[in-house]
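Undergrad: One structure, pasted below without further comment.
Each value in this text was obtained by applying a stated rule to the coordinates, not by laboratory testing. Note that this is a predicted model, so its numbers are computed, not measured. Please note: Cβ atoms are built from the backbone with ideal geometry, for glycine as well, and neighbour counts cover all protein chains shown.
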Amino acid sequence: MRLAQRLLLGSLLLIGVVLVLVVALSERGLRSGMLRAQTDRMGADARILGELWKPGVDPDSLADATGAVLGFRVTLIDSSGTVVGDSQFDAPALARLENHGRRPEVMAARDSAHGADLRVSSSVGDEELYVAVRAPLGFTRVAVSTVDVDRTIARAGGSVLIAGVIGAVVAIALALLFARAVSRPVEELSAVAREIAAGDLSQRPTLAAPGEVGDLAEALQRMTEQLSSRLVALEEEDVLLRAVIDSLNEAVVVVDARRQVARVNDAARRLLSVRATPPFSTDLLPRERELREALAIAMNGRPVGTVEVTLGGRVLTLTARPLARGGAVLAAFDLTEVRRLEMIRRDFVANVSHELKTPLTVIGGFAETLTDATVPAPERERFTSMILSNVHRMQRIVDDLLDLSRIESGGWVPAPSHLDVAAAAGEAVAPCLQGAREKGIAIDVRVDPNAPTVFADATAIRQIIGNLVDNALRYTPKSGRVTVFSERDGNGVWIGVRDTGVGIPSEHLARIFERFYRVDPARSREAGGTGLGLSIVRHLAEAHGGRVRAESMVSRGTTVAAFFPDEQGPTSRAS
């Protein structure tokens, strides 16, 4: 039921109760007043009648005559209580009337000269008002039926009722207007409040009512504005927090008190292979034992320090912290690259130590031998030649390490230009021709007509081709062939070297560009390689924004090439 209806029904109930009370009280008051006035009038008539009742006057005739004039029942009672005259009874009937000395009004008149009583008459049968007055010869009594009084009261009550109904109609109309006036702003406020509760914070109360309703509308408007501003601030903070969490390289998983994942960032999706959209159960997280235990401990209110786990081939370090209101935050950091770099560093130190140890041992041994003056001149010359060869080998290793370090650290930046492939290949191959002739290996250059030039640094191209040719000559037997080539591939050019050497097993191809990686370490050292040439080739190609590839078949030969993208025009660079 709406507010206006409740107000109207309440007003109707109130008006009805007031109307009934007014009619009832007015009838009661009117009857009491009329009976009191009638009693006074009848008492005056009774006193006049007592003055007229004198000795020698027939009381019954006096009663009949005055009763006809007054319109009342007149009764004359002597001092003993015997009725001696009555306007409603003749002489024979008088003798049968009982003694009236014990009637209440007569007894009151005997005591105080005046008495009145309202009762049902035993002789007439109607309710009558009796008024008695003490007279010289006895008591004069006047009686009147209350039927006329009741009729008058009924007519007056009807008038009061009509007036009350008219007043009630007017009051109902006013109550209806009042109910509408009160309920309309309240209903508007209620509708606005419901919209706000549903999330529409653009709603505002439009009314400007006086009093408490207006104060309520103003308070609701202020509350909505404050709520809107706070929600905007919370949304901005949430967006900022989400952006910060998503930008972290560290995986972050937030679990609420119901063991539901409430938030997960991009790093967590990648590292933990999470595909579901929050909220979702923690059962969908990886089943790794250490992860589950760390999360369970944090959910029980205890923080978990660093725990290292291997998950999906990645090395992760986990930490977990409980939340104040239940739940936990699980963080994971990917240590795979760190561990790989540590392993590379260890391998690098070990490889450098090993690569330098061999020539140093040779140099030290032969130098110690040369200190003996008895060593024959031919042996001395051979030892000196071995020392010089190993010094050159150490020099090459140090030079390659310095080149590699300079490229990796960004100390060297390529200055690319359009180079003629044939000319660059000729310059790079020239130092290797003598060694190739000695081994009976043919070196040729095949330039693709679609790739006569390459956009690269001149020094880098010569070093790449030189390293690849030098590497190919080491592993190509006599009467073999080494070919320098170029070929077009979409938006760039491949520069590479193809040989007919011993080839590389497929399981080694993915690692040949690592520093000091050797397929056959003993044979590589015998051939004089440093183990850094292909690593330098890879880094030089990547410095140009390119890449490398290697293809090989055992006993059939190997192809190693580097890709150099074409020069980007102004439009491409802008994009």
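Undergrad: For segment 385-525, what is the Kirkwood estimate of the hydrodynamic radius, computed as the reciprocal of the mean inverse distance between distinct Cα atoms, to one decimal in Å?
TA: 16.7 Å
Undergrad: Let me ask something additional. Which of the peptides 402-413, 78-89 is most tightly packed, and how do the rest follow, going by the mean number of other Cβ atoms within 10 Å of each residue?
TA: Output ranking for 402-413, 78-89: 78-89, 402-413.
Undergrad: Please report, to two decimal places, log10 I(q)/I(0) for segment 265-391 at q = 0.18 Å⁻¹ as given by the Debye formula with identical point scatterers on the Cα atoms and no solvent.
TA: The calculated log intensity ratios at q = 0.18 Å⁻¹ are -0.97.
Undergrad: Take the eigenvalues of the Cα gyration tensor for segment 74-136, scale each by 5, and report the square roots as semi-axes in whole Å, largest first.
TA: They are 18, 15, 9 Å, listed from largest to smallest.
Undergrad: Under 15 Å from the Cβ of A320, count the other residues' Cβ atoms, weight Lys and Arg +1, Asp and Glu -1, and hand me the total.
TA: Neighbour charge sum, excluding A320 itself: 0.
Undergrad: Starting at the first residue of segment 222-229, write each ³J(HN,Hα) from the Karplus equation 6.51 cos²θ - 1.76 cosθ + 1.60 with θ = phi - 60°, in whole Hz, x for Gly and Pro.
TA: Each residue of segment 222-229 in turn: 5, 4, 5, 5, 5, 5, 4, 5 Hz.
Undergrad: Tell me the net charge near T483. Cut-off is 11 Å between Cβ atoms, T483 excluded, with +1 for each Lys or Arg and -1 for each Asp or Glu.
TA: It works out to a net charge of +1.
Undergrad: Separate question: Assuming 1.306 mPa s and 10 °C, estimate D for segment 339-406 with Stokes-Einstein, Rh taken as the Kirkwood radius over Cα pairs, in µm²/s.
TA: 116 µm²/s
Undergrad: If you build the convex hull over the alpha carbons only and average its shadow over all orientations, what do you get for segment 248-331? Give it in nm² to one decimal.
TA: Value for segment 248-331: 4.8 nm².
Undergrad: Of all DSSP beta bridges in the chain, what percent run antiparallel (nearest 5)?
TA: So the antiparallel bridges in the chain amount to around 90 percent.
Undergrad: Summing +1 for each Lys or Arg and -1 for each Asp or Glu, what net charge is found among the other residues whose Cβ lies under 13 Å from the Cβ of G440?
TA: +3
Undergrad: Also, I was wondering about something else. Counting each pair of different Cα atoms once, what's the Kirkwood radius of the chain in Å, rounded to one decimal?
TA: It works out to 37.9 Å.
Undergrad: Using Cα-Cα distances under 8 Å and only pairs 6 or more residues apart, what relative contact order does the chain have, in percent?
TA: Averaging sequence separation for qualifying contacts and normalising by length gives 7 percent for the chain.
Undergrad: List the residues whose amide H sits under 5 Å from the amide H of E128, counting only those 5 or more places along or on another chain, with H placed 1.01 Å from N in the peptide plane.
TA: R119, V120, S121, T146
Undergrad: In debye, nearest 20: dipole of the chain around its Cα centre with unit charges on the Cβ of K, R (+) and D, E (-)?
TA: With only Lys, Arg, Asp and Glu charged at Cβ, the dipole is about 1460 debye.
Undergrad: Name the lysines eligible as straight-distance cross-link partners of K439: C-alpha to C-alpha under 28 Å, and not fewer than 8 places from it in the same chain.
TA: K478
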